[in-house]
Amino acid sequence: MNILIAPDSFKGSLSSKDICRIGKKALEDALDNPQIDVLPIADGGEGTVDALVINTKGKYVNLGVKGPYEEKVNGKYGILGDGKTAVIEMSNASGLAIADNYNLNPLKASSYGTGEMIMDAVKKGCRKFIIGIGGSATNDCGIGMLQALGFEFYDKDGNSLNGCGENLGKIKKIEDKNVPDDVLKSKYLIACDVDNPLTGPRGATMVYGPQKGADENALHTLENGMIQFGDLIENYFNKKIVEVPGAGAAGGMGAALYGFLGAELKSGFEIIKGVINLDQLIEEKNYDIIFTGEGQMDHQTLMGKLVLGISSLGAKYDIPVIAVCGSLNKGWEGMLDKGLTAACSIVNKPMTLGEALVDAEDLLFESYYNIGKTLKI
């Protein structure tokens, strides 16, 4: 049996690399001499750096940068096997996962560290960028990131402004004379799987601000700042930015990358699929079955996540696809019309989330093993 294992990570539990290792061992134990390829993968969110570095034989770069509240963090990013393309996860420098959940304040949070990673990669010779912008703690419309790249922002009196959310409404002037040409000439591909505009009821602030710690007063300040800054940059660049689908992603980071750096916003899975030539691999190997999965499969999976992408490929090449997931929640059944053959949760009895996380490796092995035994029948 010719098998491909291509899962997303189980966030906060198992990396896609770990899942591939465990799933392969379980299927080898359950089946007679299976031919198994493993492909640790991601959809532009957590695990994107690992997926692309591993699959292109690239390398990691560890860099001390400013976190969302100016604390020092390890801004690890990757350089792909071509030596010229950097892959960056915004969450590694400016993410909620590295912030103090008890002291969140999107008025003060800054994306400066993400800009430091970009600048470091430029200095190392990278001229192409793949940037995943999910999981941010910021609502600064990317001005922190832009500041790290050399852009300067001033208020009506000519005072320099720090790149954070509370200063968006104060910006009256933008300067780019200190931005290196290599930054402006580089190509940026942004993994973005949401279509939110910058402002309004579906915008960056109103949809995502509360989960980043914004109360009613903060939401009012941030939204007004976004509106004013959005108008400013549309006039500055003489192009539509505010309503561009994805402009509101990651606290407005989509708007900053699109407006200031000419970035292209694209589905994370489509970006990664192209970089690792996934279609070509499937065509050449003629797999009998493909395994995929994610931490929780639900209605959001149908909005462009990895399991949807893999299932669609299964339908395209007439290959059964099985999703092995941490849990299955309301709405996952919609995937059965998108190319998915079957899905299972690794949870085998009533248990708490904590218990499932502790036992995740054993539960995953058991699920893959039992599916393997069923396939053998």
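Values in this text are rule-based calculations from the coordinates and carry no lab data. This structure is a prediction, so every number in the text was calculated from the model and none was measured. Glycine also receives a Cβ, built like all others from the backbone with ideal geometry; neighbour counts cover every protein chain displayed.
Descending by average beta-carbon neighbour count within 10 Å, the peptides 93-100, 47-54, 352-359 line up as 47-54, 93-100, 352-359, the highest first.
Shape summary: the range 36-138 maps onto an equivalent ellipsoid whose semi-axes, from the alpha-carbon gyration tensor, are 25, 16, 9 Å in decreasing order. For the range 48-268, taking the reciprocal of the average inverse distance between every pair of different Cα atoms yields a Kirkwood hydrodynamic radius of 16.8 Å. Per-residue Karplus couplings for the range 307-323, computed as 6.51 cos²θ - 1.76 cosθ + 1.60 with θ equal to phi - 60°, are listed in order as 4, 5, x, 5, 5, 5, 5, x, 5, 4, 9, 6, 10, x, 10, 10, 9 Hz, Gly and Pro entered as x. Simple point charges give the picture: +1 on the Cβ of Lys and Arg, -1 on the Cβ of Asp and Glu, and for the range 1-71 a dipole about the Cα centre of about 220 debye.
Taking amide H atoms as placed 1.01 Å from N in the peptide plane, the amide H of Ile36 lies under 5 Å from those of Ile3, each 5 or more residues away in sequence or on another chain. Fully extending the segment from Met303 to Asn103, taken as 0.36 nm per residue of separation minus the present Cα-Cα distance, adds 68.9 nm. In order along the range 141-152, the phi-based Karplus estimate (6.51 cos²θ - 1.76 cosθ + 1.60, θ = phi - 60°) of 3J(HN,Hα) comes to 6, x, 6, x, 4, 5, 4, 5, 8, x, 5, 10 Hz; Gly and Pro are listed as x. Our helix-only sum for the chain, with -39,500 (n - 2.57) per DSSP H run of n ≥ 4 divided by its residues, gives a mean residue ellipticity at 222 nm of -11000 deg cm²/dmol. Summary of the geometry: the range 96-172 and the range 343-377, compared by the centres of their Cα atoms, lie 41 Å apart. Computing FRET efficiency as 1/(1 + (r/R0)^6) for Glu355 and Asp181, where r is the C-beta to C-beta distance and R0 is 41 Å, gives about 0.15.
Of the cross-linked pairs Lys59/Lys177; Lys124/Lys156; Lys57/Lys128, which ones have a Cα-Cα span greater than 26 Å in the structure shown? Walk me through the numbers on the way to the answer.
On the way: Lys59/Lys177 32 Å; Lys124/Lys156 37 Å; Lys57/Lys128 17 Å.
Cα-Cα > 26 Å for Lys59/Lys177; Lys124/Lys156; rest within.
Rounded to a whole number of µm²/s, how large is the Stokes-Einstein D of the chain at 25 °C and 0.890 mPa s, given Rh as the Kirkwood radius over C-alpha pairs? Using the Kirkwood radius from Cα pairs, D works out to 115 µm²/s. In terms of packing, defined here as the mean over residues of other Cβ atoms within 10 angstrom, the peptides 266-274, 176-184 line up highest first as 266-274, 176-184.
Could you rank the peptides 319-332, 141-154 by their average count of other C-beta atoms within 10 Å per residue, with the highest value first?
141-154, 319-332
Compare Ile310, Ile289, Ile130 in a GNM of the chain, Cα atoms joined below 10 Å, and give the one with the largest fluctuation. Fluctuation is largest for Ile289.
Taking amide H positions as modeled 1.01 Å from N, with prolines and chain starts lacking one, the residues under 5 Å from Val87 and 5 or more places away or on another chain are Gly78, Ile79, Leu80, Ile130. Lysine pair count for the range 272-337 with Cα-Cα distance under 22 Å and sequence separation of 8 or more or different chains is 6. Scanning residues 5 or more positions from Gly295 or on other chains, those with amide H under 5 Å from its amide H are Lys11, Gly326, with H placed 1.01 Å from N in the peptide plane. Karplus-derived 3J(HN,Hα) values for the range 59-71, using 6.51 cos²θ - 1.76 cosθ + 1.60 with θ = phi - 60°, are 9, 9, 10, 9, 9, x, 9, 7, x, x, 10, 6, 6 Hz; glycine and proline are entered as x.
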